[in-house]
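All remarks here apply to the structure that follows.
The values are calculated or read from the model by the stated rules, or taken from the named source; none is laboratory data. This is a predicted model, so every value here is computed, not measured. For neighbour counting, all protein chains shown are included, and Cβ atoms are generated from backbone atoms with ideal geometry for every residue, glycine included. Just so you know, the surface numbers come from the protein's heavy atoms only, side chains and all, with ligands and any DNA or RNA stripped out. Shrake-Rupley method; radii C 1.70, N 1.55, O 1.52, S 1.80 Å.
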There are 2 protein chains.
Amino acid sequence: MTTIQGLLRRYLPILDWGAQYTGKTFTNDLIVALIVTVMLIPQSLAYALLAGLPVQVGLFASMAPLLLYAVFGTSRTLAVGPVAVASLMTAAAIAPLAAQGTPEYLGAAIALALVSGLMLIAMGLLRLGFLANFLSHPVVAGFITASGLQIAAGQLAPVLGIHAEGETFVEIVKPLVRNLAETNLATAAIGLGSLAFLFWSRGSLKPLLIRIGVGEKTAGTLAKIGPAVALVVSTLAVWGLGLAEHGVKIVGDVPKGLPRLALPPLDMALWTKLLVPALLISVIGYVESISVALTLAAKRRQRVDPDQELIALGASNVGAAVSGGFPVTGGLARSVVNFEAGAETPAAGAFTAVGIALVTLFLTPLLFYLPKATLAATIVVAVLALVDFSALKKTWDYSRADFAAMAATILVTLVEGVEAGLVVGVGLSIFLHLWATSRPHIAVVGQIPGTTSFRNVARHAVVTDSEILSLRVDESLYFPNARYIEDRINEAVAASPTIRHVILECPAVNAIDASALESLEAINHRLKDGGITLHLSEVKGPVMDRLKRSHFLHELTGKVHLSQYEAVASINPDLARRTRDAERAPGTGGKP
Amino acid sequence: MTTIQGLLRRYLPILDWGAQYTGKTFTNDLIVALIVTVMLIPQSLAYALLAGLPVQVGLFASMAPLLLYAVFGTSRTLAVGPVAVASLMTAAAIAPLAAQGTPEYLGAAIALALVSGLMLIAMGLLRLGFLANFLSHPVVAGFITASGLQIAAGQLAPVLGIHAEGETFVEIVKPLVRNLAETNLATAAIGLGSLAFLFWSRGSLKPLLIRIGVGEKTAGTLAKIGPAVALVVSTLAVWGLGLAEHGVKIVGDVPKGLPRLALPPLDMALWTKLLVPALLISVIGYVESISVALTLAAKRRQRVDPDQELIALGASNVGAAVSGGFPVTGGLARSVVNFEAGAETPAAGAFTAVGIALVTLFLTPLLFYLPKATLAATIVVAVLALVDFSALKKTWDYSRADFAAMAATILVTLVEGVEAGLVVGVGLSIFLHLWATSRPHIAVVGQIPGTTSFRNVARHAVVTDSEILSLRVDESLYFPNARYIEDRINEAVAASPTIRHVILECPAVNAIDASALESLEAINHRLKDGGITLHLSEVKGPVMDRLKRSHFLHELTGKVHLSQYEAVASINPDLARRTRDAERAPGTGGKP
């Protein structure tokens, strides 16, 4: 019975926090839910439009996922639902498969959520969360920046009331500039007005509220519902001034009522086409979500289980799919609001779902005159916060390889689209890592007088013996660098005819794979043919354990020494001891 | 002028050895060429058939490439020409594009040699030879074994005179077994007879010759021309006994004369289709060739330049293409014969080319009655020497990851074909490396009494402080493991509420990339929120240089210490010194 209980507790974190749930927590979570609901409504509607879907789909995607995350999630404060980047990726994935506005398009979005959800659950059960690590930080940062630019550019057209479509940033910018003259003035007034208000409320509303006496926390929370205020004001303006007749596009009729629960049709051909985009959305969504969850959890010293989070996000997406929604994940802005408003348990999320359900049941008629330009403006403001060019400079300063991966991700995403951008980014960062480790740093080392330490001859005043070549390889020995190391040793030996012994110092060699073992055997064999002995020193325990399972140690012409000093002392004890006992030269004690 | 001379010397090694060429070397190289010519004729004919091409194409591919390698190659003894694996890969690449026996098929083979040659030259000029390193040793070994099996299975059909075709081992075996009853007896007599003779001559001819008084070296060389003897005897048998009328398939009319030099037509559509197979053939060919060249060069302490070898092989393939041949590379067997017969310079190869040219000019009528079964038998014997299952056992013992890559390469090659096998093998070995480094060995370390050394608490009797957590990460910190290390530190800290200091000991950290830097910043930040200080120790020079270019060192709550001892001593000097000065416990001085 213990194991079943253990399994239940592991896969259903709700059993943990649910058991300690009190009336006080309930009241608190309820208030938080009210705030988050008000914030979520504009986002849900806007991101549905961004994905090319009817607005109510955004509301649907903000109910079941929140409820399911409350059951399965390990973060106390993460809020799941439609987010900007996943919505853009959804549009990119489905656009080639169906025309926007058709039932097939909606069906494909639902199927995408389902496939993505099942994938996430499978990854969670198989503990494959580490796959997300292959998205390096610079690639994710570059991808988010480029996606933000593309989304912002795409939403400028509805903000201005002009027509400009395209599947990449580059494709969108051209018609945007060309059609600028067709700007609809009424739409632009609403759109640019909303933009201005939203930018202002993001930057200046909180200080203003604090100045007029509102508490800092409350002020921060109130500032976050700026989009809801913009929605209400602009809806009233369109209705009162009859702007819809002046060409302002409005949301119009939104069907009232909750979504019907239904399994999407089992269409294997469609699902197969969605496999790659679903994988990319899953992984990007997971990476965003888990980093938000970890950051918030750390602030309260709570724990988040990365593998269980996969299951929770998977369940949320399956929930979205069976209730007519589209792909969802944990969002930064809403989770921070949830956290700062004081959410104590995932129940706050469940109550938010109820709030959204009430809106869907009773308030959709109020959305009739809501101008699409305002929704587009909320998206622009939200995504421009994601665009971060300073990371490019920071990465350039730190590592050229990481900068290359980041820049390539940005460029390819802007020019070729989100999927190509991600694939190129991941491929390039793996390649650059392999390339760097394929030509490791190899130092010729010598003994520092007055010590038993050995250091790079190029950086320190050290003592060497013309018959002994001591090399320190600063990398694990494995297939991409095996032959490089062979070549370097061959060269070094060919250049110095006096060499009789080669010692490889291995403190930084964390592994030796089968290819490197072959290379070591070849090196040993060739050196032997040339009358030169090969020794190793400072081989790590696990590496030594493995070498003992091969024939190499029997064939090795020299020995494996515990330390580099012992290795040199076994060949030329006089010189080693004389150097050790010599006066220590000034300024040679530094590392390494 | 010096630079032009330098470039000429670098790219034209013939200038080096040509200047010292003497009459004695000439005589010697001439004798070697005669031996190699006799050995090459059956191979050239057989491998052309294996690639699905007319026999004379094999002869064409053994002339220009040898001449060009003599000009550009850096190995004194490598012999280039058609080889088994490249011939199989050629057939696999072209079969989907054209029907065997058509001019289009031949044209595609020629184009493949050209594309592959241009690729190799480009790789050589751009110094991209390291790309070949991504073929790990187990993948190459597995690929060669599987290719050998597939070739041998494919050649059993002509040996027995039955019909069995297929593009993979699995596809070939089925019809082979099914059609066994259709064996042509005359063909099988010739084929199995040749097989038996060739196996015998490979194993027992040399000892026999030595016993009857032939010198050991001469005996070895004579044993290698067994295939030529089989050709002559079986041709005479077919001619004398009129076996062609009993269903024995013969080579028939071979057009006399040298190939006409011509550029293959510039067919971009065809070339594009050949890009991937050409890359795979180039890389596999290069890997085989360079390892033969390095091994032979080491025996005489000569040098081989891996980048120049790319150019030489590229030139050889371009030469093959413009003279009507197909892809070539350096072959093991012929190079060993060349070496053992005493070749001193690449001129021996050039003379061999002349020998083949003479055969092509004057002796092709003698090939009319040559039975294809004998050629197939020479292939079977040659490739079975490549099949090495013992490597599977050896690799299993040493490394399960390498074994997995090897086994997958063999299986996929047998079932799905050569290209799929190689791609899966390379992909899997890269993935397994990334996977292994994504969960590195992390040891909790403590101080060994009587020393300033720190070792794994799980392996040694060491002293620790309940307020200090000392961790040694045995891997570079980079994106696949950045979050794993974060998780492990979070867990360790969450498990021990007494911890006030975390020290990361970094002697095995050869690099810290931008993702890992973000993780370190996050770890530092979260530990700070929990009132815990983060320190580093034994950071390597190049890693430290890079960290100094980031803000991390300013934000770090603790310090970077030169040694782990100094780090601990800065926090709890009493305990560190007391432990250092304590009696050294017996048996705790071992490594690490």
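What number of residues in segment A:66-90 are under 23 Å from the mean Cα position of the chain (by Cα) and either surrounded by fewer than 22 Cβ atoms within 10 Å (Cβ to Cβ) or not in a helix (DSSP H, G or I) (or both)? It would help to see each step written out before you state the result.
Taking segment A:66-90 and keeping what is under 23 Å from the mean Cα position of the chain (by Cα), we get A:66, A:68-70, A:72-90.
Remaining after also requiring either surrounded by fewer than 22 Cβ atoms within 10 Å (Cβ to Cβ) or not in a helix (DSSP H, G or I) (or both): A:73-83.
Of the residues in segment A:66-90, 11 are under 23 Å from the mean Cα position of the chain (by Cα) and either surrounded by fewer than 22 Cβ atoms within 10 Å (Cβ to Cβ) or not in a helix (DSSP H, G or I) (or both).
Which residue, of B:VAL423, B:VAL418, is open to solvent by 40 Å² or more (accessible area, probe 1.4 Å), over 30 Å from B:ILE503 (Cα atoms) and away from chain A (no Cβ under 13 Å)? Working first, answer last.
Numbers: B:VAL418 fails: open to solvent by 40 Å² or more (accessible area, probe 1.4 Å).
Result: B:VAL423 is the single residue among B:VAL423, B:VAL418 that is open to solvent by 40 Å² or more (accessible area, probe 1.4 Å), over 30 Å from B:ILE503 (Cα atoms) and away from chain A (no Cβ under 13 Å).
Can you spot a residue in segment B:575-584 that is more than 28 Å from A:HIS441 (Cβ to Cβ), free of Cβ contacts under 8 Å to residues at least 24 places away in the same chain and not in a helix (DSSP H, G or I)?
Restricting attention to segment B:575-584, the residues satisfying the condition of being more than 28 Å from A:HIS441 (Cβ to Cβ) are B:575-584.
The next check asks that each one be free of Cβ contacts under 8 Å to residues at least 24 places away in the same chain; those that pass are B:577-578.
Next, from what is left, pick out any that are not in a helix (DSSP H, G or I): none.
Scanning segment B:575-584, I find no residue that is more than 28 Å from A:HIS441 (Cβ to Cβ), free of Cβ contacts under 8 Å to residues at least 24 places away in the same chain and not in a helix (DSSP H, G or I), so the answer is no.
Can you find a residue that is on the phi > 0 side of the Ramachandran plot and either open to solvent by less than 20 Å² (accessible area, probe 1.4 Å) or part of a helix (DSSP H, G or I) (or both) anywhere in segment B:262-275? First the steps, then the outcome.
Keep residues of segment B:262-275 that are on the phi > 0 side of the Ramachandran plot, which gives none.
Looking for residues that are on the phi > 0 side of the Ramachandran plot and either open to solvent by less than 20 Å² (accessible area, probe 1.4 Å) or part of a helix (DSSP H, G or I) (or both), one finds none in segment B:262-275, hence no.
Any idea which of A:THR413, A:THR364, A:THR378, A:THR360 is under 23 Å from the mean Cα position of the chain (by Cα) and either open to solvent by less than 30 Å² (accessible area, probe 1.4 Å) or within 21 Å of A:ALA61 (Cα to Cα) (or both)?
Criteria check complete, one pass: A:THR413.
Please find, among B:SER476, B:SER453, the residue that is within 20 Å of B:ALA436 (Cβ to Cβ) and within 13 Å of chain A (Cβ to nearest Cβ).
Answer to the selection: B:SER476.
Residue under question is B:GLU467, and the condition is that it be under 45 Å from the mean Cα position of the chain (by Cα), surrounded by fewer than 19 Cβ atoms within 10 Å (Cβ to Cβ) and more than 8 Å from every other protein chain (Cβ to nearest Cβ); does it hold?
So B:GLU467 does not fit the description; no.
Cβ contacts < 6 Å: first residue at pLDDT 90 or above, restricted to segment A:431-449; second residue of a type in the set (Ser, Thr, Tyr) and surrounded by fewer than 19 Cβ atoms within 10 Å (Cβ to Cβ), any location; separation 6+ or different chain. Result?
Every condition considered, the pairs that remain are A:GLY446/A:THR464.
Among residues belonging to segment A:494-511 that are at the interface with chain B (Cβ under 9 Å from one of its Cβ atoms) and among the hydrophobic types (A, V, I, L, M, F, W, C), point out the one that is nearest to B:VAL139 (Cα to Cα).
Top of the filtered list is A:ALA511.
Only one of these conditions is not met by A:ALA461: (1) open to solvent by 30 Å² or more (accessible area, probe 1.4 Å); (2) in contact with a helix residue (DSSP H, G or I) (Cβ under 6 Å, 6 or more places away or on another chain). Which number is it?
Status for A:ALA461: all satisfied but (2).
Applying the selection to segment B:286-309, what residues are facing chain A (nearest Cβ under 9 Å), assigned to a helix (DSSP H, G or I) and touching an Asp or Glu at 6+ places or on another chain (Cβ under 8 Å)?
B:ILE290, B:LEU294, B:ALA298, B:LYS299, B:PRO306
One line per residue, one yes/no per condition, for (1) of a type in the set (Val, Ile, Thr); (2) within 14 Å of chain A (Cβ to nearest Cβ):
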{"position": "B:LEU68", "(1), (2)": "no, no"}
{"position": "B:ARG76", "(1), (2)": "no, no"}
{"position": "B:ALA79", "(1), (2)": "no, no"}
{"position": "B:SER136", "(1), (2)": "no, yes"}
{"position": "B:ILE151", "(1), (2)": "yes, no"}
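What residue, among those in segment B:222-233 that are in contact (Cβ under 8 Å) with a residue 40 or more places away in the chain and open to solvent by less than 60 Å² (accessible area, probe 1.4 Å), is nearest to B:TYR369 (Cα to Cα)?
B:LEU231
Out of segment A:193-221, which residues are under 30 Å from A:GLY161 (Cβ atoms) and crowded, with 16+ Cβ neighbours inside 10 Å?
Those that are under 30 Å from A:GLY161 (Cβ atoms) and crowded, with 16+ Cβ neighbours inside 10 Å: A:GLY193, A:SER194, A:LEU195, A:PHE197, A:LEU198, A:SER201, A:ARG202, A:LEU205.
Any residue at all in segment B:114-128 that's among the hydrophobic types (A, V, I, L, M, F, W, C), within 14 Å of chain A (Cβ to nearest Cβ) and open to solvent by 20 Å² or more (accessible area, probe 1.4 Å)?
Within segment B:114-128, one or more residues are among the hydrophobic types (A, V, I, L, M, F, W, C), within 14 Å of chain A (Cβ to nearest Cβ) and open to solvent by 20 Å² or more (accessible area, probe 1.4 Å).
Out of segment B:16-72, which residues are touching a Leu at 6+ places or on another chain (Cβ under 8 Å) and within 23 Å of B:THR221 (Cβ to Cβ)?
B:ILE41, B:PRO42, B:SER44, B:LEU45, B:ALA46, B:GLY58, B:LEU59, B:SER62, B:MET63, B:TYR69
Restricted to segment B:519-566, and to residues that are open to solvent by less than 30 Å² (accessible area, probe 1.4 Å) and in a loop (DSSP other than H, G, I, E, B), which residue is farthest from the other protein chains (Cβ to nearest Cβ)?
B:GLY558
Just one of (1) assigned to a helix (DSSP H, G or I); (2) crowded, with 20+ Cβ neighbours inside 10 Å trips up B:GLY107, so point out which.
Among (1) assigned to a helix (DSSP H, G or I); (2) crowded, with 20+ Cβ neighbours inside 10 Å, B:GLY107 violates only (2).
It is to be established whether one or more residues within segment A:17-35 are under 26 Å from A:LEU258 (Cβ atoms), open to solvent by 30 Å² or more (accessible area, probe 1.4 Å) and touching a Gly at 6+ places or on another chain (Cβ under 9 Å).
Yes, that holds for at least one residue.
Just to be sure I understand the filter: pairs with C-beta atoms under 9 Å, separated by 6 or more residues or on different chains, first member in segment A:159-170 and open to solvent by less than 50 Å² (accessible area, probe 1.4 Å), second member of a type in the set (Asp, Glu). Which pairs pass?
Going by the 9 Å Cβ cut-off, the qualifying pairs are A:LEU160/A:GLU182; A:GLY161/A:GLU182; A:ILE162/A:GLU182; A:THR168/A:GLU416.
Using beta carbons and a limit of 9 Å, which pairs, at least six apart or on different chains, have the first residue in segment B:20-37 and of a type in the set (S, T, N, Q) and the second one at pLDDT below 85 and surrounded by fewer than 16 Cβ atoms within 10 Å (Cβ to Cβ)?
B:ASN28/B:GLY342
Can you tell which of B:ALA443, B:ALA482, B:ALA436, B:ALA516 is closer than 29 Å to A:ARG303 by Cα, open to solvent by 30 Å² or more (accessible area, probe 1.4 Å) and within 12 Å of another protein chain (Cβ to nearest Cβ)?
Answer to the selection: B:ALA436.
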